[in-house]
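Have a look at the structure below before the remarks.
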Amino acid sequence: MKFKRVLLKLSGEALMGEQQYGIDPKRLEQYAKEIKKVVDEKVEVAIVIGAGNIFRGMQAGKMGIDRVQGDHMGMLATVINGMALQSALEGEGVYTRLMSGIQMDQVCEPFIRRRAVRHLEKGRVVIFGAGTGNPYFTTDSAASLRAVEIDADVVLKGTRVDGIYTADPEKDPNAEKIDELTFDEALQKNLKIMDLTAFTLCKENDLPIIVFDMNKPNNLFELMSGEQVGTIVS
Ligand code: UDP
């Protein structure tokens, strides 16, 4: 396999599948099966999951809830998604640990870097919940941060498009796919790959990002097998 230790970022929205809200059990099962294929090849997999399918801090204002409170609600929602993904992976016979950036001992382990690395070394999939544990950040930033902390080889950003395009392919018919580019090129072209905090953390730590379509069957496995899948930023 191309990489030994990866940090897979999954957005909360991806878990909605065909639904308007919440978690689609079919999508969950599909993701668990895709992840199992690479775990079976001895790849160490850590996952950061978002919460756009349940709650985002930005929504809080409309409800008369302040931003910090809203961000905490968003972080708790990532733990809900993490628990669902954990169950789906266990259903496929994959050993997992859920670690949270906000302590909730009855539900999951606290995030302790050395312990997380140990779990990975033992072949367990580690799901990092509650983002960074801090408001005003995103789960993309949590993905970059945790990836650097556990010394991952790459951040795999699983999306519903098959890579980075010169323009939004869902809006512009002339948009062309880019196979690889540098961090500087991405910044110059103002390509929105991750928010700037997340992006900068990867750039400063020479941590490559691969954007790929997580919904395409077998795509994660093909990417890990060294095939040209998605777009690499390095
Ligand atoms: N969040 C936060 N700090 C973090 C990560 C997440 O406050 O370190 C909150 C924030 O309110 C965010 C929500 O959790 O809107 C869900 O995360 P995100 O929007 O990144 O989810 P995604 O877009 O990946 O589904």
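The values are calculated or read from the model by the stated rules, or taken from the named source; none is laboratory data. Not measured: the values here are computed from a predicted model. Reconstructed Cβ throughout: ideal geometry from the backbone, glycine too, with neighbour counts over all protein chains shown.
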Odd one out for Gly61, checked against (1) over 28 Å from Val229 (Cα atoms); (2) away from the ligand (no atom under 13 Å from the Cβ); (3) without any contact (Cβ under 8 Å) to a residue 24 or more places away in the chain: (2)
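When the residues of the range 122-142 are narrowed to those that are among the hydroxyl-bearing types (Ser, Thr, Tyr) and farther than 21 Å from Gln86 by Cβ, which ends up nearest to the ligand (Cβ to nearest atom)?
Just the residues of the range 122-142 that are among the hydroxyl-bearing types (Ser, Thr, Tyr), to begin with: 132, 136, 138-139, 141.
From what's left, farther than 21 Å from Gln86 by Cβ: 136, 138, 141.
Numbers: Tyr136: 6, Thr138: 4, Ser141: 6 Å.
Across the range 122-142, the extreme among qualifying residues is Thr138.
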Tally, over the range 60-80, of residues that are under 14 Å from Pro135 (Cβ atoms) and either of a type outside the set (A, V, I, L, M) or assigned to a loop (DSSP other than H, G, I, E, B) (or both): 10
Test for Met99: is it within 22 Å of Arg113 (Cα to Cα), part of a strand (DSSP E or B), in contact (Cβ under 8 Å) with a residue 12 or more places away in the chain and touching a helix residue (DSSP H, G or I) at 6+ places or on another chain (Cβ under 9 Å): yes
Failed item, numbered, when Gly22 is tested on (1) within 16 Å of the ligand (Cβ to nearest atom); (2) touching a Ser or Thr at 6+ places or on another chain (Cβ under 9 Å); (3) of a type outside the set (Asp, Glu): (2)
Matching entry among Thr139, Thr166 (being hydroxyl-bearing (Ser, Thr, Tyr) and in contact with a strand residue (DSSP E or B) (Cβ under 6 Å, 6 or more places away or on another chain)): Thr139
Search result, residues across the range 19-56 that are of a type in the set (D, E, K, R), in contact with a helix residue (DSSP H, G or I) (Cβ under 8 Å, 6 or more places away or on another chain) and assigned to a loop (DSSP other than H, G, I, E, B): Asp24, Glu41, Arg56
Cross-chain or 6+ apart pairs with Cβ under 7 Å, the range 12-35 first and within 13 Å of Asp213 (Cα to Cα), then modelled with pLDDT under 95 and in a loop (DSSP other than H, G, I, E, B): Ala14/Arg160
Among (1) part of a loop (DSSP other than H, G, I, E, B); (2) touching a helix residue (DSSP H, G or I) at 6+ places or on another chain (Cβ under 7 Å); (3) under 22 Å from Val154 (Cβ atoms), the one test that Ile127 misses: (1)
Count of residues meeting criterion [of a type in the set (Val, Ile, Thr), part of a loop (DSSP other than H, G, I, E, B) and modelled with pLDDT of 95 or more] in the range 169-194: 1
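Taking the range 119-146, which residues are among the small types (Gly, Ala, Ser), touching an Asp or Glu at 6+ places or on another chain (Cβ under 9 Å) and either modelled with pLDDT under 95 or crowded, with 20+ Cβ neighbours inside 10 Å (or both)? It would help to see each step written out before you state the result.
Going residue by residue through the range 119-146, those that are among the small types (Gly, Ala, Ser) are 123, 129-131, 133, 141-144.
After this cut, where a residue has to be touching an Asp or Glu at 6+ places or on another chain (Cβ under 9 Å) as well, the list is 123, 131, 141.
Gly131, Ser141, listed by residue number.
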